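A.B. asks: I have a structure here, written as structure tokens, and I will follow up with some questions on it.
The values are calculated or read from the model by the stated rules, or taken from the named source; none is laboratory data. Note that the structure is a prediction, hence the values are computed from the model and not measured. We place every Cβ from the backbone using ideal geometry, glycine too, and count neighbours over all the protein chains shown.
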Amino acid sequence: MLEGKKIIVTGSASGMGQATLKAYVKAGANVVGMDISDDKGKDISTNANNHGPGTCSFIHIDVSDEDSVKNAFYLALEELKTLDVLAHPAAIQGPADASSVKVEDWDNMFAVNVRGTMLTNQNAFKYMKKNGSGSIINFGSISGLRPEPSASAYSAAKGAVHSWTRTAAGTWGKHDIRVNAILPAIATPMYYAARERSTDEENTVAHWRNSVPIALGQEYGDPDNDLAPVMVFFASDASKFITGQLIPVDGGQTAGL
Ligand SMILES: NC(=O)c1ccc[n+]([C@@H]2O[C@H](COP(=O)([O-])OP(=O)(O)OC[C@H]3O[C@@H](n4cnc5c(N)ncnc54)[C@H](O)[C@@H]3O)[C@@H](O)[C@H]2O)c1
């Protein structure tokens, strides 16, 4: 389905980035995985190569750092020559009460999750514009739609990612570059860490599981089975008339069923 597509996947050393990278290689794409975590990132890219027909390599990136992003994209384009798709799951999550969140934690959250989205998207746009089309897949969150008392900075940052996604889609549509955001509820290391931090009686495994109606007893979705096929769809030409959308892949969680 993605034969010959040239793709960058950020956050490829874990969770949804890892699953996305593997699915793209399986679907025949030439992929560069990027992450701040080098050892895991390299291992995952090397393993993904065993699942071709596509190919995969790894380049270090810190998405919050302008020079790092510019350099990583330059090196990736040396290899790929053109760019069709950017999948951008790289992000951090962390606790922050609205009454006491520290400036340092707030700024770090916005540097990685918001500035990182702007920088990776801008660099992708530069190469996609030359190519005449492209698909950028950002990652928002239900936390950016609803009050999130335990994670105020993350919630605000994801709200900003939603707004950025719509604005970038509106700005770059004339170049046939679409920009959407996935709002997932998927069982990854980030999810398990957040669940572990939950201390209220309400925030038990059952509580989280019950927030996802379609999971039928399964605790959040599976990265490979529930998320990766959607990522393939948004990388493919089948999604070419969809842009500026926030797409929940969450078993109905966002719908509040
Ligand atoms: N897991 C969920 O249910 C859920 C829910 C809502 C939103 N999200 C969003 O989905 C996306 C993917 O999350 P995940 O669950 O796969 O997370 P994860 O923690 O498993 O993976 C995140 C990856 O991003 C990388 N990363 C962090 N900071 C970076 C930086 N500065 N530069 C480069 N890479 C960096 C990490 O090393 C890691 O490999 C994130 O944007 C997250 O906010 C996840």
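Rundown of residues vs (1) more than 10 Å from the ligand (Cβ to nearest atom); (2) under 18 Å from I136 (Cα atoms); (3) in contact with a Cys (Cβ under 8 Å, 6 or more places away or on another chain), yes/no style:
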site: V25; (1), (2), (3): yes, yes, yes
site: D35; (1), (2), (3): no, yes, no
site: D39; (1), (2), (3): yes, no, no
site: N49; (1), (2), (3): yes, no, yes
site: I61; (1), (2), (3): no, yes, no
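A.B. asks: How do the helices (runs of 4 or more DSSP H) wholly within segment 1-85 filter down when requiring 1 or more residues that are within 25 Å of D250 (Cβ to Cβ) and among the β-branched types (V, I, T): which remain?
C.D. replies: Passing ranges, in order: 15-26, 38-48.
A.B. asks: Can you confirm whether segment 175-191 contains a residue that is without any contact (Cβ under 8 Å) to a residue 12 or more places away in the chain and more than 8 Å from the ligand (Cβ to nearest atom)?
C.D. replies: no
A.B. asks: Note down all Cβ pairs under 8 Å where the first residue falls in segment 1-20 and is on the phi > 0 side of the Ramachandran plot, the second is within 6 Å of the ligand (Cβ to nearest atom) and of a type in the set (D, E), and they're at least six residues apart or on different chains.
C.D. replies: Cβ pairs passing all conditions: G11/D35.
A.B. asks: Now a separate question. Would you please name the residue that is surrounded by the fewest Cβ atoms within 10 Å (Cβ to Cβ), looking only at residues in segment 131-155 that are assigned to a helix (DSSP H, G or I) and away from the ligand (no atom under 13 Å from the Cβ)?
C.D. replies: Only one residue fits best here, namely N131.
A.B. asks: Any residue that is closer than 27 Å to E196 by Cβ and touching a Pro at 6+ places or on another chain (Cβ under 8 Å) - is there at least one of those in segment 110-121?
C.D. replies: no
A.B. asks: Any idea which residue in segment 1-23 is farthest from I182 (Cα to Cα), counting only those that are of a type in the set (G, A, S) and within 16 Å of the ligand (Cβ to nearest atom)?
C.D. replies: Across segment 1-23, the extreme among qualifying residues is A13.
A.B. asks: Conditions: (1) surrounded by fewer than 20 Cβ atoms within 10 Å (Cβ to Cβ); (2) within 24 Å of Q18 (Cβ to Cβ); (3) at pLDDT 85 or above. I182 meets all but one. Number of the miss?
C.D. replies: (1)
A.B. asks: Does F125 satisfy the condition of being under 18 Å from the mean Cα position of the chain (by Cα), away from the ligand (no atom under 14 Å from the Cβ), at pLDDT 95 or above and among the aromatic types (F, W, Y)?
C.D. replies: yes
A.B. asks: Run down A23, A29 and say which single residue is of a type in the set (A, V, I, L, M, F, W, C), within 15 Å of E79 (Cβ to Cβ), out of contact with any Ser or Thr (no Cβ under 7 Å at 6 or more places or on another chain) and surrounded by 23 or more Cβ atoms within 10 Å (Cβ to Cβ).
C.D. replies: From the options A23, A29, the qualifying one is A29.
A.B. asks: Quick one: would you say T165 is β-branched (V, I, T) and surrounded by fewer than 16 Cβ atoms within 10 Å (Cβ to Cβ)?
C.D. replies: No: the conditions fail for T165.
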